[in-house]
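Notes follow the structure.
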Amino acid sequence: MRQSESFIPTLKELGADAIIPSHRLMLRAGLVRQVASGIFSFLPLGYKVLKVIMDILRREIDAIGGQEFFLPALNPIEIWQQTGRVEAMGDVMFHIKNREGLVLAPTHEEIITYHARQHLKSYRDLPQIWYQIQTKFRNEPRPKSGVLRGRQFFMKDAYSMDATWEGLDVSYQKHYEAYKKIFDSCNLKFFIVGASSGAMGGRQSQEFMIESDAGEDNCVICYACGYAANLEVASSNAHPSGRESTNLPIEEFPTPDARTIDDLIEKYNLLEERLAKSVVYIIDSQPVLIMMRGNDELNESKLQGVFGTGNFRPALPEELLVSSGANAGSIGPVGLKTKMKVIADNRLKDANGLVSGANRDGFHNKNIDFSRDCTIDGYYDLRTVCEGESCSNCGAPIRIVKAIELGHIFKLGTKYSEALGATFLDAHGNENPLIMGSYGIGVERIMAAFIEQHHDEKGIIWKKPLLPFHVHLLGINVPKFDDVTKACVDAYSELKKQGFDVLYDDRNENPGVKFNDADLIGIPVQVIIGRKNLDAGNIEIKIRETGERKVIQKSDLTDEIRKFYID
Ligand code: ATP
Ligand code: MG
């Protein structure tokens, strides 16, 4: 491709809203342009790399028996109502205003299950792996970070249908292995974490992550044993409060100056480990009192896991008053005004000597014994773990890192097949729901993640197979000097003949502009043809990643390039 004829609009300056490296470089190197918040056009150079990623995805999912579909992005809303996901998706789903009853699909479990229901009728039809690469629409609340979080993006989404749970394990494992190959093929340094299933429902799920300051996920990692989990589900060996040897009767005491846990610690000289904080949530329309230790933070993903519903929210001040008799800051498990379910974090299991609100504004109780003074309906792991706590697996200190999610694999089970009546007859003639899995990868996210990991201050550094061209041929002072131009054209056609994809910078630009653009665009090998070297029968090669330069004989060019790509 001659650069003078191609559309690669590089930029020197950018607006202030592009902050993270991949976003800035994708704009500057002419890969994408933003059309509106979270909506991007891929320009030819960017789309070329996106297609390479799609080829890798197709290759690896085909290799595990995946069959490619193309499903509609416009979906009838009824099918989403039948699985309860219009509510679960909330504002994330785009609803179409001038055509009642249609929505834009944020994912495709519903449509896949619809087809599975039509045709997968017998255990003999199973297992199946169906996939597609398709546009997804999600009304992300604050789209930022460029294509990492778009309102419209490509997803490779695959689904498995099995007759047995063991079959699901096999299909899941196949995807797990395929995903590792995909991210390895893309030269990404990634790690895998146990994850929450969120609005998707289902059982086991894992996420494929890259560590990045640009990430919106937090992951717990133990470098000693390799334990890794999304903060949404991660656990640790944080010390429980346990029992004190003296067990005094409950006593109410005034705490007029205490609004927060820190107030209690500072102004009343109390130990954080003996404080039981009350949090009230309305879960499926019912108030639930949740007891957390001291400053521990309630983890809503874990709460969702415990109750199996995402239908919850913190109680409003007026609801607090009605159910407990007090305002926030003075609520506790003893002497509640109305009966409500009370659960507590594992750290408070059967603890005594605790301080908590007395359900009277400005008063707390001390010496509370959870096993003597109140009914705790269940103890669960409900807290968000903190940096430096000891690993639940090996005891070493854990770290919390920011990460970008590239892919997610779920064991869905029968949630969608039951909701939509997708059943099959087993070998004994019994009717059972299909056992399903769901497996997604963001296509643009792979590209942006790659750039996050492969760039320097000058620009992108592509690496095979993720590259827009193999070679960037820079003609210095062409078209001014005829012999340089001729050498460039010869090299260009010879390299193309040998099967290399070449971008030939034949523009009437000064060398500085060409060098800067070449480093910004980041094609792995630059071939520089200029007057001085050419007079001695030579040309120069520059390796973008290392900056290494080499003067070679003109006739050795294709051998050198072949060596670079084959070695
Ligand atoms: P996130 O937590 O980042 O919003 P998610 O859990 O909503 O991701 P899934 O529903 O599991 O994502 O979608 C599968 C894959 O699709 C993700 O792993 C990610 O690579 C990609 N993806 C999800 N949302 C977006 C988006 N808004 N823009 C680009 N890619 C996305
Ligand atoms: Mg999301």
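The values are calculated or read from the model by the stated rules, or taken from the named source; none is laboratory data. Quick caveat: nothing in here was measured; it's all calculated off a predicted structure. Virtual Cβ from ideal backbone geometry, glycine too; neighbours counted across all protein chains shown. Just the protein is used for accessible areas: all its heavy atoms, side chains included, with ligands, DNA and RNA removed. Shrake-Rupley method; radii C 1.70, N 1.55, O 1.52, S 1.80 Å.
Is the C-alpha gyration tensor of the stretch 13-77 telling us rounded, prolate or oblate? Criteria: a/c under 1.5 is rounded; beyond that, a/b larger than b/c is prolate, otherwise oblate.
Working: a/c = 3.03, a/b = 1.66, b/c = 1.82.
Oblate shape, in that a/c is at least 1.5 and b/c is the bigger or equal ratio.
Considering only C-alpha atoms, what is the centroid distance from the stretch 304-377 to the stretch 103-181, in Å?
When both Cα centres are located, 41 Å separates them.
Expressed as a whole percentage, what fraction of the accessible surface of the stretch 251-380 belongs to carbon and sulfur atoms when a 1.4 Å probe is rolled over the protein heavy atoms?
Working: 2800 of 5910 Å².
With neighbouring chains kept in place, the figure for the stretch 251-380 is 47 percent.
For the chain, give me every cysteine whose Cβ has no other Cys Cβ within less than 4.7 Å, ordered by residue number.
Cys186, Cys219, Cys374, Cys386, Cys488
Rank by packing, highest mean first: peptides 3-16, 529-542, with packing defined as the count of other Cβ atoms within 10 Å averaged across residues. Show your work: numbers first, answer last.
Details: 3-16: 12.0, 529-542: 16.9.
The peptides rank, most packed first, as 529-542, 3-16.
Treat every Asp and Glu Cβ in the chain as -1 and every Lys and Arg Cβ as +1, leave all other atoms uncharged, and give the resulting dipole magnitude about the Cα centre to the nearest 20 debye. Write out the running numbers ahead of the final one.
Numbers: 67 positive and 77 negative charges, 248 e Å.
I would put it at about 1180 debye.
For the modelled label position 7 Å from the Cα of Glu273 along Cα-to-Cβ, which residues of the stretch 343-374 have backbone nitrogen atoms closer than 15 Å?
347-355
What is the local net charge at Ser6, summed over the other residues whose Cβ is closer than 13 Å to its Cβ (Lys, Arg +1; Asp, Glu -1)? Spell out each step's value before the answer.
On the way: positive: Arg2, Lys48, Arg507; negative: Glu5, Asp501, Asp505, Asp506, Asp517.
Neighbourhood net charge equals -2.
With a/c under 1.5 counting as rounded, go ahead and sort the stretch 490-567 into rounded, prolate or oblate using the C-alpha gyration tensor (a ≥ b ≥ c being the square roots of the eigenvalues; past the cut-off, prolate if a/b is larger than b/c, else oblate). Each step should come with its number before you reach the end.
Details: a/c = 1.35, a/b = 1.14, b/c = 1.18.
It is rounded, given that a/c, with a ≥ b ≥ c, falls under 1.5.
Sum up the charges of everything whose Cβ sits under 12 Å from the Cβ of Ala116, counting Lys and Arg as +1 and Asp and Glu as -1, but leave Ala116 out.
-2
In Å², what does the accessible area per residue of the stretch 340-456 work out to with a 1.4 Å probe?
34 Å²
When only Cα pairs under 8 Å and 6 or more residues apart are kept, what is the percent relative contact order across the chain?
Numbers: 1207 pairs, mean separation 94.5, N = 567.
Over the chain, the number comes to 17 percent.
Give me the percent of accessible area attributable to carbon and sulfur for the stretch 471-566, probe 1.4 angstrom.
Numbers: 2120 of 4470 Å².
The nonpolar share, carbon plus sulfur, comes to 47 percent.
What is the gain in length, in nm to one decimal, between Lys554 and Leu11 on full extension, counting 0.36 nm per residue of separation less the C-alpha to C-alpha distance? Mind dumping the intermediate values first?
On the way: separation 543, 0.36 × 543 = 195.48 nm, distance 3.24 nm.
That pair, Lys554 and Leu11, stretches by 192.2 nm at full extension.
Considering only protein heavy atoms and a probe of 1.4 Å, how much of the accessible area of the stretch 132-244 is carbon and sulfur, as a whole percent? Kindly include the intermediate steps, with their values, before the conclusion.
Values: 2140 of 4620 Å².
Accessible surface attributable to carbon and sulfur in the stretch 132-244 totals 46 percent.
Rolling a 1.4 Å sphere over the protein heavy atoms, what is the accessible area per residue of the stretch 471-566, to the nearest Å²?
Details: 4470 Å² over 96 residues.
That works out to 47 Å² for each residue.
What does the charge count around Ser555 come to, taking other residues whose C-beta lies under 11 Å from its C-beta (Lys +1, Arg +1, Asp -1, Glu -1)? Don't skip to the answer; put the middle values down first.
Details: positive: Lys554; negative: Asp490, Glu494, Asp556, Asp559, Glu560.
After counting each charged neighbour, the total is -4.
Assign one of three labels to the stretch 281-385, namely rounded, prolate or oblate, based on the Cα gyration tensor with a ≥ b ≥ c the square roots of its eigenvalues; rounded applies when a/c is under 1.5, prolate when it is not and a/b is larger than b/c, and oblate otherwise.
Judged from the Cα gyration tensor, the stretch 281-385 comes out oblate (a/c at least 1.5, b/c at or above a/b).
Reachable lysines from Lys486, Cα under 19 Å, same-chain residues fewer than 8 places away excluded?
By straight Cα distance, Lys486 reaches Lys496, Lys497, Lys514, Lys532, Lys554.
Which Cα, out of Cys488, Pro465, Tyr565, lies furthest along the positive dipole direction of the stretch 452-567 (beta carbon charges, K/R +1, D/E -1)?
Cys488
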